[in-house]
Amino acid sequence: MNKKAMKQFIPKNATVEWQGNVAVFRMAVSDVLELVRTWCNDEGLSMKMITATDEREVSGCFKIWYLFGVPKEHVFLAPYVEVHDTTEFPSVALFCPEALNYERKIQTFFGLTPVGIPDARPLILHENWPADIFPLRKDVDVSTRPVIAKGFYQFNRVEGEGVYEIPVGPIHAGIIEPGHFRFSVAGETIMFLEPRLGFTHKGSEKLFEQMSLQEMVRLSEKISGDSSFSHSLAFCQAVERLDEMAVPERAEYLRVLYAELERIANHLGDIGAIMLDTGFNFGGAQGARLRETILRINERLTGSRFLRGVNDIGGVKQDISKKDLKTLSRNLDVLAKDFSEVIAIAGNRLSLVNRLQDTGTLTYAMAKDYGVTGVAAKAVGLERDARVDMPYAAYGPLGISEIATEESGDVYARFQVRVKEVTASIRIIKQVIRKIPEGPIRIVSSAVMHRKSSYAISVVEGWRGEIVYFLTTDSDGNIARVAPRDPSFLNWVVLGEVGVNNVVPDFPLINKSFNLSYSGNDV
């Protein structure tokens, strides 16, 4: 980490406190717009999160945090503004669209008003929640059920001759989670599409404030169930940085192996589901079969199909013997050959390819403006991958440098990125098997002592995209705030935009090509 190189990004009058790889400094409210504008538009830094903390008991204020990462340097910039004697702070969403839903969430959950925000509607909490109760304030007692309110949510509307609305959901004809989609259409062509989420809100951020450390690890696995390992890894890494804990080298390699197994399983499922949504039943069946192969491997290695209960503070709980590593290597050889044959057959089906190409196209400019991450970003040519940009676990020693990308930004591009990532993940696991060192798999400590009044940020490249955790401790060293961000929180915003000018029957295919998490968004 080159602290001197960071001076170019930090205002000259700022007093910086370095906490590990996080540069924390206060800035004046009047400086927020210019600093964020410069970082977003001129410096090209990566926004990780905008969030708030309630520190009225200690310093008599709320703090608004603007968290950015410096790619290749593995450094985070964490400026904050203090909100005293007011509930207002300046919105940056007009020139940084990515910030919009962060600001809406702060307004909804903390009762702080982003002045100038282009969309002030509440986020996640629905109209039956009282407008004057802000659950992430420290003085809100969540054990008392609030009186049911009778508010009203105004969907955006398109008016004109022949335009009508189609409401879809929130309950769907399947086992997927609930989400509402409001289509404005002319004929079958989508003129406007607005997703509305929040139906799976679990109050996770408030629950984190009341739990023991081990309970927090388990809760992190449930932010988005199909990303259990990656979410718990991001949380554990943040705690380990708070405690300046050196994780055993073998554990870091095992974390890479498990993370890539999670990635392969989910990509295989999505590849099959995309083909199934075009009516190509063979592809759908093969994707489900190959995914099941990986889930069974997960269960054999760890006892959990979804790799739950594997991560722990200081390492992992599940080791893999030399014999099992050799067996895994052979299993992956068979799967790779099987997978390549399925993809070859799919590539020769013109009816499949024609359905995928030019459907649900996301532009490069839109992806960049809204901070799109993961498969969707890579499918427009954005080379964003935390494993490369901010390597963690053993990704650095393994020398991971390639990022699977496409350029067309349509369903076909997202399909192809997944295909490339499956192949790359198999290579990474094979590399881990060859290079994994001997040694312990975790640090066992009876008492974990966190730094007092401290902050930590952790980033993990989940299979959907970048997962971020922001942790703070109070003056006694207790974890006071856990703010998770699933990649779906960013990518849901563009799904409505991508649907425009497509026909309604293509929306299930477009939606599946993103395959975003309702639960991960709603937290």
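With θ taken as phi - 60° and the Karplus curve 6.51 cos²θ - 1.76 cosθ + 1.60 applied, the whole-hertz 3J(HN,Hα) list for segment 54-62 is 9, 10, 5, 5, 9, 10, x, 8, 9 Hz, x standing for glycine and proline.
A DSSP coil position with no more than 10 other Cβ atoms inside 10 Å describes the following chymotrypsin sites (Phe, Trp or Tyr not before Pro) in segment 68-161: PHE152. Solvent-accessible surface of the chain, averaged per residue with a 1.4 angstrom probe and all protein chains in place: 42 square angstrom.
Can you sort LYS337, LYS63 by 1.4 Å-probe accessible area, starting with the largest?
From most accessible down to least: LYS337, LYS63.
As a length-normalised measure over Cα pairs under 8 Å and 6 or more apart, the relative contact order of segment 438-509 settles at 22 percent. For LYS150, the aspartates and glutamates whose Cα falls under 14 Å of its own Cα, not counting residues fewer than eight places away in the same chain, are GLU127, ASP132.
SER184 sits among other residues whose Cβ lies under 9 Å from its own Cβ, and their net charge, with Lys and Arg +1 and Asp and Glu -1, is -1.
If you roll a 1.4 angstrom probe over the protein chains with everything in place, what fraction of the accessible area of segment 207-324 belongs to carbon and sulfur, to the nearest %? Before the final figure, lay out the partial values.
On the way: 1870 of 3940 Å².
Its accessible area is 48 percent carbon and sulfur atoms.
In segment 46-201, the portion of solvent-accessible area held by carbon and sulfur atoms comes to 55 percent [1.4 Å probe, whole percent, DNA, RNA and ligands not counted].
Each of ALA149, MET211, ALA367 was placed along the dipole of the chain (beta-carbon charges, centred on the mean Cα), and the one lying farthest toward the positive end is MET211. Taking the accessible area of segment 405-506, probe 1.4 Å, and keeping the other protein chains in place, the carbon and sulfur fraction comes to 49%. Partners of LYS206 within straight-line reach, counting aspartates and glutamates whose Cα lies under 14 Å from its Cα and excluding those fewer than 8 residues away in the same chain: ASP54, ASP139, ASP141, GLU215, ASP522. Ranking ALA173, ILE271, PHE25 by Cα position along the charge dipole of the chain, where only Lys, Arg, Asp and Glu carry charges on their C-beta atoms, puts ILE271 farthest toward the positive end. Placing +1 on the Cβ of every Lys and Arg and -1 on the Cβ of every Asp and Glu, with no other charges, gives the chain a dipole of roughly 1580 debye about its Cα centre.
The values are calculated or read from the model by the stated rules, or taken from the named source; none is laboratory data. All values derive from a computational prediction rather than experimental measurement. Neighbour counts are summed over all protein chains in view; Cβ atoms, including those assigned to glycine, are modelled from backbone coordinates with ideal geometry. Surface areas here come from the heavy atoms of the whole protein model, side chains and all, with no ligands, DNA or RNA. Shrake-Rupley method; radii C 1.70, N 1.55, O 1.52, S 1.80 Å.
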